[in-house]
1. Placing unit charges on C-beta atoms (Lys and Arg positive, Asp and Glu negative, everything else neutral), compute the dipole magnitude of the stretch 309-375 about its Cα centre in debye, rounded to 20.
2. First select every other residue whose beta carbon is under 11 angstrom from the beta carbon of Gln120; then total the charges, Lys and Arg +1, Asp and Glu -1.
3. Just order 155-161, 195-201 by mean Cβ neighbour count inside 10 Å, highest at the front, would you?
4. Is the shape of the stretch 73-192 rounded, prolate or oblate, going by the alpha carbon gyration tensor and its root eigenvalues a ≥ b ≥ c, with a/c under 1.5 for rounded and a/b larger than b/c for prolate?
5. Counting only protein heavy atoms and using a 1.4 Å probe, what share of the accessible area of the stretch 269-353 belongs to carbon plus sulfur, as a whole percent?
6. How many angstrom lie between the C-alpha centres of the stretch 322-381 and the stretch 91-138?
7. How much net charge surrounds Leu211 when only other residues with a Cβ under 15 Å from its Cβ are counted (Lys, Arg +1; Asp, Glu -1)?
8. Would you mind checking which residues have amide H under 5 Å from Glu122's amide H? H placed 1.01 Å from N; only 5 or more apart, or other chain.
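The values are calculated or read from the model by the stated rules, or taken from the named source; none is laboratory data. These figures come from a predicted structure and were not determined experimentally. Positions of Cβ are generated from backbone atoms using ideal geometry, with glycine treated the same way; all protein chains shown enter the neighbour counts. Side chains included, ligands, DNA and RNA excluded: accessible areas come from the protein's heavy atoms. Shrake-Rupley method; radii C 1.70, N 1.55, O 1.52, S 1.80 Å.
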Amino acid sequence: MEEESLEDVWLRSYVRQRREPGISGLEESLGRPEPWATSSSSSRSDAPAEATGRNSEEGGISTPPSWHLALGLVIGVAAWLQRTVPSEASLEAAISGRYGREPPAKIGWLLLGDRSFSSQPEATSWTESYVLAVGRVSVRHEGLLYEHRYVGLGGRWFAMPYLPRVHLKGKKGPGFRYGLGLCYKARCICIPDKKAPCKQLIWDTNSLLSLVLGLNISLFFTGLWAQQVAQSHHEARVGGWSLSSCLIRMSTLSLPGLWDGQWSALFLSAFYHRGFLEFIRNMALLANVLEGAAQYGSWMFLALYIGGSVAHFVGACAALRVLGPEWLVPLEVSQGCRGGLSSILALFSKVKPGERFKFSLYMVEIPTPLPPLAMLAANALLDASLAGGRGRFWAELAGHAAALGFGLALSALVDVA
């Protein structure tokens, strides 16, 4: 009585799974009859035959889902990684000979050398996290403490990149600031500066202005490009979505969009403008008010900018709901930062009521500068007059009023006076 081989078992399962009209002769063509069909193997084949019979009655042997194989592969890899987590002794062996060397020579104006490897390690630490380990190496050089991180995976240690440091000399001793660049194993690529090898990473009013204006400009021109592609080249759709429709849905605040889960519009709608003239007018006013508003903190400015835009949308929807027509409520959309600018002007009306702003009717500038509340009223009237449609005029005014109330409430809450 011959033992049943694994190949016979596989072939038997394959035929049972794939049997259909026209394929029943597969066993005969391969010359391998089913082992349990012979009397010599009937004693060992009773259990498989019974199981096969039950599965056949249920419609045949079911094929395991493909994710079973993927799950088994992931579990196997995780088990192997857990068994090969490197130890703390292996970390010390891996970094031996790497420290205490002179920094590499500078190559050109972009590739620089790092001095954080010039001294021997002061301390090392090791932490295990099931499938990997994290090592920290502390080095003190010229009075400054550096820290390098390593990741242990599969029995080996890999050095992690880190930010460059710009040395500063002051009365309280040497200090540092992080630079705009990236370092790896004592080699650094930095954005050069006139007074230092690497430009310092400093968050100030100019950085905030660059960030906000950069987001507005990027989304505006991306939207123009997406619309041109959609109209002239009939852009291909992926899964029923096109680039232009996806961008508009993610950056346009509306009630149907929120119901569909487009929560990103609560943040992106304040930075996305579709009209060129509105974009120019809002950016000009934003450049004038940002520096003064940023004095009270970047988070304060962003809360007024984004929250005021959302408050404008809520106020406009409420006005349409109350004054009508109600069928316009689902069609109400919010794009741009006109509500956020109204909230920032509300802040100025409390903390800097004597501040003056120049109002321009697009290309025509009004010669008399306006105080914050007068500037807000002028913008609201201009936006309402251009809104068009039944009920849009009062909805736009209500939106600016809601943004004004939000700005005053937030200013009183944080006590910026």
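1. On the way: 6 positive and 4 negative charges, 53 e Å.
Value, rounded to 20: 260 debye.
2. With Lys, Arg at +1 and Asp, Glu at -1, the neighbours total +2.
3. Numbers: 155-161: 13.6, 195-201: 15.7.
Put in order of decreasing packing, that is 195-201, 155-161.
4. On the way: a/c = 2.39, a/b = 1.93, b/c = 1.24.
It is prolate, given that a/c is not under 1.5 and a/b is the larger ratio.
5. Details: 2010 of 3110 Å².
With neighbouring chains kept in place, the figure for the stretch 269-353 is 65 percent.
6. Here the two parts' Cα centres lie 55 Å apart.
7. Numbers: positive: none; negative: Asp204, Glu291.
Neighbour charge sum, excluding Leu211 itself: -2.
8. Ser138, Val139, Arg140
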